[in-house]
1. With a cap of 12 neighbouring Cβ atoms within 10 Å, and only residues DSSP puts in a loop, list the chymotrypsin sites (Phe, Trp or Tyr not before Pro) found in the stretch 193-224.
2. I'd like the projected area of the stretch 133-262, averaged over all directions, using the convex hull of its alpha carbons. Report it in nm² with one decimal.
3. Sticking with the crude label model, points 7 Å out along Cα→Cβ, report the distance from Ala169 to Glu342 in nm, one decimal please.
4. What does a probe at Glu389 reach in the stretch 323-344, counting residues whose amide N is under 17 Å from the point 7 Å along Cα→Cβ?
5. Evaluate E = 1/(1 + (r/R0)^6) for Ser40 and Arg161, where r is the Cβ-Cβ distance and R0 equals 25 Å; express this FRET efficiency to the nearest 0.05.
6. Using label points projected 7 Å from each Cα along Cα→Cβ, tell me how many nm separate Arg149 and Asp116, to one decimal.
7. Go ahead and run the numbers for FRET between Arg293 and Glu235, Cβ-Cβ distance against an R0 of 25 Å, rounding to 0.05.
8. Output the antiparallel fraction of DSSP beta bridges having both residues in the stretch 147-306, as a percent to the nearest 5.
Amino acid sequence: MISVEEALDRVLSYVHMLDGEEKPIMDCLGQVLDEDVYSSIDVPPLDNSAMDGYAVRAQDTAGATKSSPVYLDVIGEVRAGTIAEREVVSGTAYRIMTGAPLPRGADSIVRFEDTDEHMQSAQHPARIGVFCRVPPGHDVRRAGEDIARGQLVLSRGTVIRPQEVGVLASIGKAKARVIRRPVVAVLATGDELVEVEQPLPDGKIYNSNSFSIAAQVLRYGGIPRSLGITPDRIESIVEKINEALDADMLITSGGVSLGDYDLVKEVLAEQGEISFWTVRMKPGKPLAFGMIRGVPHLGLPGNPVSSMVTFELFARPAILKMMGKTNLSKPSVQAVLEDSAENTDGRRVFARAIVRKENDRYFARLTGPQGSGILTSLARANGLAVVPEDVERLNAGDTVQVLMLDWSEE
């Protein structure tokens, strides 16, 4: 058996960042930019108002108070998306809405609440009383204040979040070049498996692994391609694997243990190469990894919890690396354990746990029985409490590292 760290290093050494593709920005969420993005425009393109109010010359408001207002003639109104027709000269003002371009001659904004507009009966008064002095530039957004023409807006390697989508749209960029998402073929093996929605004969179980693994692939940015189920026969496994050779990665579940019908590792050895077979961890000891004709192949255990846990530790970072991401680690916290966790055979234990935050401290409790076939215990968990290889037991009150499956500060 090799360590978790060595296994991960080997997996990552076989996978590389994929090539780029250009696509609409709304389809780029979660992907990594494969280009530097420069702006061809100023954002905003013109000086504009940050508030609803009146565009004025700041010098015209000198000495204005509520008890002694300065009165200005209102020569028009300008809304966002329109341009004022007249110039603001001494003694005049333009009624202006938020986002509207500043009229020529004006250099400041007086807010509605700092005028007597609300005291007048007319909806759009022809003359306005100003209650305060404003300095030049007051409540004015300058052209290029956010982004200047020619500026590097987003660097290659940036992960596209909703805010980056907004920035790209703000400079008129409808498409972006990003590292493409890996296509991950998913195959379940086992004579005992039946497709979901089919009648369930005696002795059979539904194929949940294909769904949980495909969902994990999708969650972390990949494109799952389901290959369905193959029985425990070498020729059937080879036939299915051949369907995956144009994918970026193949993930199988089952067939990697020591049983007479655990044939995936044999196929991996015959059709390609095996980098490693077993890992010093629980759940998930039987874990095969290698290459089949240029395609990385991760053979996960058949037990559903083992399959999902090993995916989190090995497939997830591989997918992220192929997508061009550099932060491959799962977020983790140090938590106070509320019950005990045992390690009986010198493997690193990843125990399903529920973590909560209380008074700036994290607390973790196990979600019940930890058998590798009890998938509901993982459904109740938001983290994996780690018991190191050299620790036989953690007791209530001990501090434990928890890898977070669902990260939240709440």
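The values are calculated or read from the model by the stated rules, or taken from the named source; none is laboratory data. Note that the coordinates shown come from a computational prediction; the quantities given were computed from them, not determined experimentally. Using ideal geometry, Cβ is built from the backbone for each residue, glycine included, and neighbour counts are taken over all protein chains shown. For the accessible areas, the whole protein counts, side chains as well, though only heavy atoms, and no ligand, DNA or RNA atoms are used. Shrake-Rupley method; radii C 1.70, N 1.55, O 1.52, S 1.80 Å.
1. Working: sites: Tyr206, Phe211, Tyr220; in loops: Tyr220.
Loop-located and lightly packed - none at all.
2. On the way: hull surface 59.2 nm².
Average of the hull's projected areas for the stretch 133-262 equals 14.8 nm².
3. 5.6
4. 343-344
5. Working: r = 23 Å, r/R0 = 0.90.
Once the sixth-power term is evaluated, E becomes 0.65.
6. Going from the Arg149 label point to the Asp116 one covers 4.4 nm.
7. Numbers: r = 17 Å, r/R0 = 0.68.
Calculated transfer efficiency: 0.90.
8. Details: 9 of 26 bridges.
Here the share of antiparallel DSSP bridges comes out near 35 percent.
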